[in-house]
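Below: the structure, in structure tokens.
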4 protein chains.
Amino acid sequence: MTQLKELEQLLVDFRDQRDWQQFHNPKDLAIALSREASELLEAFLWKPAEEGRIEKVKEELADVFAYGLLLAHHYNLDVEKIIRDKVALNASKYPAEKAKGNATKYNEL
Amino acid sequence: MTQLKELEQLLVDFRDQRDWQQFHNPKDLAIALSREASELLEAFLWKPAEEGRIEKVKEELADVFAYGLLLAHHYNLDVEKIIRDKVALNASKYPAEKAKGNATKYNEL
Amino acid sequence: MTQLKELEQLLVDFRDQRDWQQFHNPKDLAIALSREASELLEAFLWKPAEEGRIEKVKEELADVFAYGLLLAHHYNLDVEKIIRDKVALNASKYPAEKAKGNATKYNEL
Amino acid sequence: MTQLKELEQLLVDFRDQRDWQQFHNPKDLAIALSREASELLEAFLWKPAEEGRIEKVKEELADVFAYGLLLAHHYNLDVEKIIRDKVALNASKYPAEKAKGNATKYNEL
């Protein structure tokens, strides 16, 4: 089993031992993921860009990955594959030579 | 190299080839991650809980993982470790026998 | 009619002329509001704190208010009253003399 | 003074009595607004679409309006005007006869 599949299985087991799969429709999983992303961002609120609260970052980032893996599990997605596909797509949208040093969205280049 | 480290390296290389590391302070990475989580959720907007748009789910979930890995890279975090630490913490907060079938937040159990 | 009630009515009329009330359950309205808040935040992504894109700020902030008013309408809430109630609650949680110049969350003071 | 201007002033006074204006750059205000929108959405997490926790809805919706008014204050925006401008823009993007009963985004009509 790959590293990502093992982590996915860890989370599914944790969930199933608590009978929480009944709540885990994909829409609510996506809401939960977005809440964790917001709590992650809260680690930087009212602070300079480099001074996030690292303990909060670790916990909330772990939660973001956890809900991401549970969503991937729901749809039977291969996380490595969707990341590689997206990087390939972005490479064609943002060719290195055009995008160099430019944060503008690709369609505004 | 682990599977997660390889994916992290893929994203760092993509970023560095475009000289985007100058924009990638952790606060803006967290904003970007939260935006992608919101776009993921948009795949379910105005729809029944099981009818997300799967192509959009794939792309936005990949983006969520990508910014998550870039944040982990910034802080030199081991993603597998923070997930396992968080699962261990949650196991103590939500013991399986008490949490069974109950979506209430742990501190309200 | 108050200014807020007039704006609420404007939005309800706009919605009803398009038969969109069928999609507007409160959960999806809250998802839509959170998407607009995320698009508002995108006006500041990869930018210094004072350099938001003002045209985007205006449009997305208007959308945030619009979904907020539609949610208030759904629950028949008086927006002025809930704001005044929350300010009164916050005044007791963050007494001016203790909170002065301190962005720490009230429960950590 | 209009109703919205009075509420804006109430919030500015509350803030200034605590010397919090130093933290309130527009980027962090937008982060705070997006956090409140996420907490509002949390009132519906793992629940059927009509069964939000109403007390939480009231508090978080009030916070959303509060940060929205503080952002409007920062940019000296007239909230009624930006809402009316956006409704007029949407009326041209989603003509009632074409959009009737259709939740598809305007550019996909």
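The values are calculated or read from the model by the stated rules, or taken from the named source; none is laboratory data. Bear in mind that the values here come from a model prediction, so they are computed numbers and not experimental data. Note that we place each Cβ from the backbone using ideal geometry, even for glycine, and neighbour counts take in every protein chain shown. The protein model used for the area step is the full one, side chains on, heavy atoms only, and it has no ligands, DNA or RNA in it. Shrake-Rupley method; radii C 1.70, N 1.55, O 1.52, S 1.80 Å.
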ask   = Which one of D:LEU45, D:GLY101, D:LEU11 has its Cα pushed farthest toward the positive end of the charge dipole of chain D, where Lys and Arg give +1 and Asp and Glu give -1 at the Cβ?
value = D:GLY101
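Rounded to the nearest 20 Debye, what is the dipole magnitude of chain C about its Cα centre when Lys and Arg each give +1 and Asp and Glu each give -1 at the C-beta?
Numbers: 16 positive and 20 negative charges, 106 e Å.
Dipole magnitude for chain C comes out near 520 debye.
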ask   = Using alpha carbon centroids, what distance separates the range D:25-69 and the range B:40-109, in Å?
value = 20 Å
ask   = Carbon-plus-sulfur fraction of the accessible area of the protein assembly as shown, 1.4 Å probe, in percent?
value = 47 percent
query = Total Å² of accessible surface buried at the A-B contact, 1.4 Å probe, nearest 100?
reply = 6000 Å²
request  = Specify the angular offset, from 0 to 90 degrees and rounded to the nearest 10, of the alpha carbon long axis of helix C:79-93 from the longest principal axis of the alpha carbons in chain C.
outcome  = 20 degrees
ask   = Measuring from a point 7 Å out along Cα→Cβ, what nm distances, shortest first, does C:GLU55 have to its partners in the other copies?
value = 2.9, 4.6, 4.6
note = at C:THR2 the sorted inter-copy label distances (label 7 Å from Cα on Cβ side), in nanometres, are 1.5, 5.4, 5.5
query = Dipole of the range D:50-106, Cα-centred, from +1 at each Lys and Arg C-beta and -1 at each Asp and Glu C-beta, to the nearest 20 debye?
reply = 400 debye
inquiry  = Can you give me the orientation-averaged projected area of the convex hull built on the Cα atoms of chain D, in nm²?
reply    = 9.5 nm²
remark   = In degrees rounded to 10, the 0-90 angle between helix A:26-42 Cα long axis and the longest Cα principal axis of chain A is 60 degrees
task = Considering only chain B, pick the residue with its Cβ nearest the axis of the rotation onto chain C, and state the distance in whole Å.
result = B:SER38, 2
query = What whole-number value in cubic angstrom gives the convex hull volume per residue for the C-alpha atoms of the protein assembly as shown?
reply = 142 Å³
query = Which angle from 0 to 90°, rounded to the nearest 10, does the C-alpha axis of helix D:54-75 make with the longest principal axis of chain D?
reply = 70 degrees
inquiry  = Could you report the protein assembly as shown's accessible area per residue, 1.4 Å probe, as an integer in Å²?
reply    = 44 Å²
inquiry  = Give me the inter-chain shielding for A:93-101: mean count of other chain Cβ atoms within 10 Å, whole number please.
reply    = 3
query = Which pairs, out of A:LYS98/B:LYS58; A:LYS27/B:LYS58; B:LYS5/B:LYS86; A:LYS58/B:LYS56; B:LYS27/D:LYS5; C:LYS5/D:LYS86, put more than 23 Å between their alpha-carbon atoms?
reply = A:LYS98/B:LYS58; A:LYS58/B:LYS56; B:LYS27/D:LYS5
query = Ratio of the range D:1-63's C-alpha Rg to 2.2 N^0.38 Å, to two decimals?
reply = 1.38
note = If one builds a Gaussian network model of chain B from Cα atoms under 10 Å apart, the most fluctuating residue listed among B:TYR94, B:TYR75, B:TYR67 is B:TYR94
task = Calculate for chain A the 222 nm mean residue ellipticity that helices alone would give, adding -39,500 (n - 2.57) per DSSP H run of length 4 or more and normalising by residue count, nearest 500 deg cm²/dmol.
result = -22000 deg cm²/dmol
